[in-house]
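A.B. asks: Okay, here's the structure, questions in a sec.
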Amino acid sequence: MMAGEKRSGATAAVTGATGLVGRHLVDLLVGRGMRVRILTRCARHSDSRVEVVCGDLADTTAVRHLVGAADWVFHCAAELADERRMWSTNVDGTRAVLAAVGDSPATHFCHLSSVGVRGVFAGSVGSEETLCAPVSAYEKSKHEAERLVMQMSLREGLSVVVLRPTNVVGGTKRGPLSVSRLGVLVKGGEHVHLVHAGDVAAAALHLARHPGFSSPGCFIVSTDDEPLGTLADALAVRYGRRPFHLPWPVSFLIRRIAKGPCNRGDIRFTSQKLLKLGFRYPLGFEGAVLGTDA
């Protein structure tokens, strides 16, 4: 048994378990024979092996019950749409989970962040070392949550991981694949930074099972290292033909005029740091496209 491996009977706690990544992660953990405990607003779970803790991140009693006896804790909950709730959910909610983890016997904590925390930057390659300059309310809240997590890493005996996935897709969540014909014409040459939710969940489990990294560890989860990566590539995978599109510098210029400073359309976010730890994407770019509704 490898370092970090958990035998059947160990417990994993998951927030955001009904979300896109959380659902895949729960399935993987249950499949490994772990006891899984999730935090929801008292919704039933289809798998009887999953224990439901009723509450939300604002309910500190429920959060402490969720984490209390967990070996691994995966914090996947976040507010993506409502700016009025982003700080309370993404920052204060993370603070509540971390406080509970600090008083628990947990040996591993994984925080699901976003590559969006890096904001706008110069160059064509983004890595974990790229300086963060968040712009939107969501990006700022996730960046602050990361800061709290990094402080938590000071606790002895706890390995800490921050995952920064790119555009997570899967099922009905199409992300940048949801685009009009005009959008294809303008944006077809730009990278879409796809990663399937199942691949993000697999990366989270891999790092929990193989903690051969310096804690705290920050990892980009993205298929951008693969040869394919543009919107036109994705549509070619889906439909078997490549659409006509303008060169990416044209769309970049249009965005700069319309919105001000923005990232180049040829940016790639590398996940070499994760790959060097032996992780391989089960689905990859093509799987992300084909695993998302047309």
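A.B. asks: Quick one: what do you get for the chain if you divide its Cα Rg by 2.2 N^0.38 Å? Write out the running numbers ahead of the final one.
C.D. replies: Working: Rg = 19.1 Å, N = 294, 2.2 N^0.38 = 19.1 Å.
Cα-based Rg divided by the globular estimate yields 1.00.
A.B. asks: Kindly identify region 98-221 as rounded, prolate or oblate by the Cα gyration tensor criterion: order the square roots of the eigenvalues as a ≥ b ≥ c, call it rounded if a/c is under 1.5, otherwise compare a/b with b/c, prolate if a/b is larger, else oblate.
C.D. replies: prolate
A.B. asks: For region 184-294, how big is the tail of P(r) above 22 Å, as a whole percent of Cα pairs?
C.D. replies: Details: 2536 of 6105 pairs.
Result for the distance tail: 42 percent.
A.B. asks: A further question follows. When the dipole is taken about the Cα centre of region 55-126, and only Lys, Arg (+1) and Asp, Glu (-1) are charged at their Cβ, what size is it in debye, to the nearest 20?
C.D. replies: Computed charge dipole of region 55-126: roughly 200 debye.
A.B. asks: Turning to a different aspect of this structure: Report the label-to-label distance for Thr61 and Thr172 in nanometres (one decimal), using points 7 Å from each Cα along the Cα→Cβ vector.
C.D. replies: 3.4
A.B. asks: Can you list the lysines whose alpha carbon is less than 17 Å from that of Lys259, not counting same-chain residues fewer than 8 positions off?
C.D. replies: Filter leaves Lys187.
A.B. asks: Here is a follow-up. Share of antiparallel DSSP beta bridges in the chain, in percent to the nearest 5?
C.D. replies: 5
A.B. asks: Another one. How charged is the neighbourhood of Pro227? Take every other residue with its Cβ under 13 Å from the Cβ of Pro227, and add Lys/Arg as +1 and Asp/Glu as -1.
C.D. replies: Charge balance in the 13 Å sphere: -4.
A.B. asks: Using alpha carbons only, how many degrees (0 to 90, rounded to 10) separate the axis of helix 197-209 from the longest principal axis of the chain?
C.D. replies: It works out to around 40 degrees.
A.B. asks: If I take R0 = 25 Å and measure r between the Cβ atoms of Val237 and Ser215 in this structure, what FRET efficiency does the formula 1/(1 + (r/R0)^6) give, to the nearest 0.05?
C.D. replies: It comes out at approximately 0.10.
A.B. asks: Give a quick list of chymotrypsin sites (Phe, Trp or Tyr not before Pro) in region 226-294 that DSSP marks as loop, anything other than H, G, I, E or B, with at most 10 other Cβ atoms within 10 Å.
C.D. replies: Sites meeting the loop and neighbour criteria: Phe244.
A.B. asks: I would also like to ask the following. Summing Lys, Arg as +1 and Asp, Glu as -1, what charge do residues with Cβ under 12 Å from the Cβ of Gly102 carry, Gly102 excluded?
C.D. replies: Numbers: positive: Arg64, Arg95, Arg155; negative: Asp103, Glu156.
That sum, taken over residues with Cβ under 12 Å, equals +1.
A.B. asks: Relative to the longest principal Cα axis of the chain, at what angle does helix 248-259 sit, 0 to 90 degrees, rounded to 10?
C.D. replies: It is inclined by approximately 70 degrees.
A.B. asks: Could I ask something else about it? Roughly how many Å is it from the Cα centre of region 177-207 to that of region 39-105, as a whole number?
C.D. replies: First find each Cα centre; the distance between them is then 27 Å.
A.B. asks: Moving on to the next point. Based on the alpha-carbon gyration tensor of region 91-145 and its eigenvalue square roots a ≥ b ≥ c, which shape applies: rounded if a/c is under 1.5, prolate if not and a/b is larger than b/c, or oblate?
C.D. replies: oblate
A.B. asks: Also, I was wondering about something else. Under 26 Å Cα-Cα from Lys276, which lysines qualify once same-chain neighbours fewer than 8 residues away are excluded?
C.D. replies: Correct list for Lys276: Lys6, Lys142.
No lab work stands behind these numbers, since they all come straight from the coordinates. Just so it is clear, the structure is predicted and the values come from calculations on it, not from any experiment. Ideal geometry is used to build each Cβ from the backbone, glycine not excepted, and the neighbour counts take in all protein chains shown.
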